[in-house]
Amino acid sequence: MALSAPRDQHTTDTVLNARSDARAQGGQSTEWMPYLPASSSPFAPAGTDPASLVWGEVVAPGGYTHKVVARGTRIRFDDPTGNACANLVVYNALEPTERLNVADTQKIPWQAYLGAGHPLLSGDGRVLASIVADTSGRHDAFCGTSTDAWNERKYGDSRPEGPTPSGRGLLVKAAAKHGLGRRDLPPSISLFQGVRVDSDGQLGWQGSAGARTYVELVAELPLLVLVANVAHPLDPRTDYVVGPLHVHAWRGRATGPTDARFGTAPELERAYLNTIDYAEARGL
Amino acid sequence: MTMISSTVPVGASFAAGSELDWAQSLVPGLVVLDERVPPNAPWSGVVAAGQVLTIVDVGGNQSGDCLMYNTADHEERYSVPDTLTWEQNAYVSTGTVLRSSEGRPLMTVVGNEIDRHDTIGGACSKESNTLRYGHHVMYHHGCRENFLAEASRHGLGVRDLVSNLNWFMNVPVETDGALGIVDGLSAPGRRVAVRAEMDVLVLVSNCPQMNNPCNDFNPTPLRMIVVEPS
Ligand SMILES: [Zn+2]
């Protein structure tokens, strides 16, 4: 799909004409774009107060996005087609050396499969985000995202500007926009395309739960969120199939002792206590 | 020499009378490095492309937490998800290619005397110990402490610690996704051998954990032997 219009539709011979030509392009909309203010998103989840929205975006297939959100923010990912795959890395925005630790995220809750109630833990014994709603149930914390080497072998191309970008290639760019480099990219998790382990350890493709599912997170600390919407590495389809991903976020409250999820397991309760301890000491 | 007494609490070591089998390299060749890692301690070494590192589980069921880096570019390091994805398997065993964050082979398991090794469970740490066992264990030693101390000797820091591999540790994943560290499958003198596919910096934490069975509640030494295969 060509993004630029043919030459003969533009008059750009002087600065004044070039300015007029550029300004005439504003105000359009397309299938994948951020909505500003976020309250103007046509896809805002039902029941949300538009005035509380802080993020409204449709992430393109093969696209990426990133944002820093406040502690307590509720973040929702919608898969409208059943083909989105949200590859996520989260960091404590105040100290990005504190970041998603997939091993602790699987080990500490004694559960490898992500779902509602699961904490996304950092390596510092705190909850970066809690999964608080999940209508998909098809996620993966084993395979991470695709690398250039993987996509070159599978599709013959991995360039971020090409038709089959690698997830890592996109996350490298998203991280770079926050001053983070390759060494700052830990293993990621992915939402909406499931993988299951059989009794021999074989990783089996489960794929999507279908169209119109969603996952909601609560940011338990000020959170840097990196998202790449790319085909899962184990997706058996030979074509690179990925659908748009809706991302919305709105102001809310971090998990506290009065929330039912706070004390559902002793490991989780101590993880929330560590998180609240950090937030209180920092005056958050 | 006078014995100096100390009030510092230190980690547990193996019980007197524990069976220790120091074994030998699993692969024949010219020995270029042969070092003993005491219980609780970190270790690091460079294994050149083509050389084979044998790790001996001297006392049996002693987790050797392990990270690997391309010596020419430390930003390229061991990647659990890439290893799992290319193998399409959650366990490390004979033939497993240990891959980097760029999907390239770092090392290959060329010899192995136990069923499988873990690469899901990550490293123990003071911080995660508080989640698992309670805040009273905060001053217990942990593998993350070892990794940070040893990494700093190579210009590496907290940004360079990623999900690791655990030699001789047993973490089954059940069909409902339940997983956890359970009793080990190893024994004194059992070995694993990995061939470097590029020049690799290997960091190991001889796990000091005393609150779960990853060291059989009896931390024992590891022996690291690097050979130029004959
Ligand atoms: Zn340990």
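The values are calculated or read from the model by the stated rules, or taken from the named source; none is laboratory data. Everything quoted here is computed from the prediction, not taken from an experiment. When we count neighbours, we look across all protein chains shown, and the Cβ atoms used for this are built from the backbone with ideal geometry, even at glycine. Each accessible area value is taken on the protein alone, full model and side chains, heavy atoms only, with ligands, DNA and RNA left out. Shrake-Rupley method; radii C 1.70, N 1.55, O 1.52, S 1.80 Å.
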Does B:Glu102 meet the test of being touching a strand residue (DSSP E or B) at 6+ places or on another chain (Cβ under 9 Å) and within 12 Å of chain A (Cβ to nearest Cβ)?
yes
Over segment A:218-238, the set of residues of a type in the set (D, E, K, R) and buried (at least 20 other Cβ atoms within 10 Å of the Cβ) is A:Glu220, A:Asp235
With the first residue restricted to segment A:239-256 and required to be under 18 Å from A:Gly283 (Cα atoms), and the second required to be small (Gly, Ala, Ser) and in a strand (DSSP E or B), Cβ contacts under 8 Å at 6 or more apart or on different chains are A:Ala254/A:Ala219; A:Thr255/A:Ser130
Picked from segment A:76-96 (must be among the small types (Gly, Ala, Ser) and not in a strand (DSSP E or B)), the residue farthest from A:Phe43 (Cα to Cα) is A:Ala93
Out of (1) more than 10 Å from every other protein chain (Cβ to nearest Cβ); (2) surrounded by fewer than 24 Cβ atoms within 10 Å (Cβ to Cβ), the one A:Ala129 does not meet is (2)
All conditions in (1) on the phi < 0 side of the Ramachandran plot; (2) away from every other protein chain (no Cβ under 14 Å) are true of B:Ser163 except (2)
Out of (1) open to solvent by 40 Å² or more (accessible area, probe 1.4 Å); (2) under 16 Å from the mean Cα position of the chain (by Cα), the one B:Phe168 does not meet is (1)
Within segment A:162-207, residues polar (S, T, N, Q), touching a strand residue (DSSP E or B) at 6+ places or on another chain (Cβ under 7 Å) and buried (at least 16 other Cβ atoms within 10 Å of the Cβ) come out as A:Ser188, A:Ser190, A:Gln193, A:Gln206
Confirm whether A:Thr147 is surrounded by 24 or more Cβ atoms within 10 Å (Cβ to Cβ) and out of contact with any strand residue (DSSP E or B) (no Cβ under 7 Å at 6 or more places or on another chain).
yes
Residue count, segment B:129-162, condition within 13 Å of the ligand (Cβ to nearest atom) and in a loop (DSSP other than H, G, I, E, B), comes to 5
Going through segment A:100-113 in order, the residues found to be touching a Gly at 6+ places or on another chain (Cβ under 7 Å) and of a type outside the set (Asp, Glu) are A:Asn101, A:Ala103, A:Lys107, A:Trp110, A:Gln111, A:Ala112, A:Tyr113
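Taking the condition on the phi > 0 side of the Ramachandran plot and either away from every other protein chain (no Cβ under 13 Å) or modelled with pLDDT under 95 (or both), does A:Gly137 pass?
The answer is no for A:Gly137.
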Checking B:Val92, B:Val158, B:Val97 in turn, the sole residue that is crowded, with 24+ Cβ neighbours inside 10 Å and either of a type outside the set (Ser, Thr, Tyr) or within 10 Å of chain A (Cβ to nearest Cβ) (or both) turns out to be B:Val92
Among A:Val215, A:Val241, the single one that is on the phi < 0 side of the Ramachandran plot and either within 14 Å of chain B (Cβ to nearest Cβ) or open to solvent by 30 Å² or more (accessible area, probe 1.4 Å) (or both) is A:Val241
Among (1) in a helix (DSSP H, G or I); (2) closer than 20 Å to A:Ala93 by Cβ; (3) open to solvent by 10 Å² or more (accessible area, probe 1.4 Å), A:Asp124 falls short only on (1)
Every listed condition ((1) at the interface with another protein chain (Cβ under 10 Å from one of its Cβ atoms); (2) of a type outside the set (Gly, Ala, Ser); (3) under 18 Å from B:Pro39 (Cα atoms)) holds for B:Asn146 save (1)
How many residues of segment B:49-70 are more than 16 Å from the ligand (Cβ to nearest atom) and touching a strand residue (DSSP E or B) at 6+ places or on another chain (Cβ under 6 Å)? The answer is 10
Within segment B:171-186, residues being among the acidic types (Asp, Glu) and either within 14 Å of chain A (Cβ to nearest Cβ) or within 13 Å of the ligand (Cβ to nearest atom) (or both) number 2
Conditions (1) away from the ligand (no atom under 13 Å from the Cβ); (2) without any contact (Cβ under 8 Å) to a residue 60 or more places away in the chain; (3) surrounded by fewer than 19 Cβ atoms within 10 Å (Cβ to Cβ) -> B:Lys126 fails only (1)
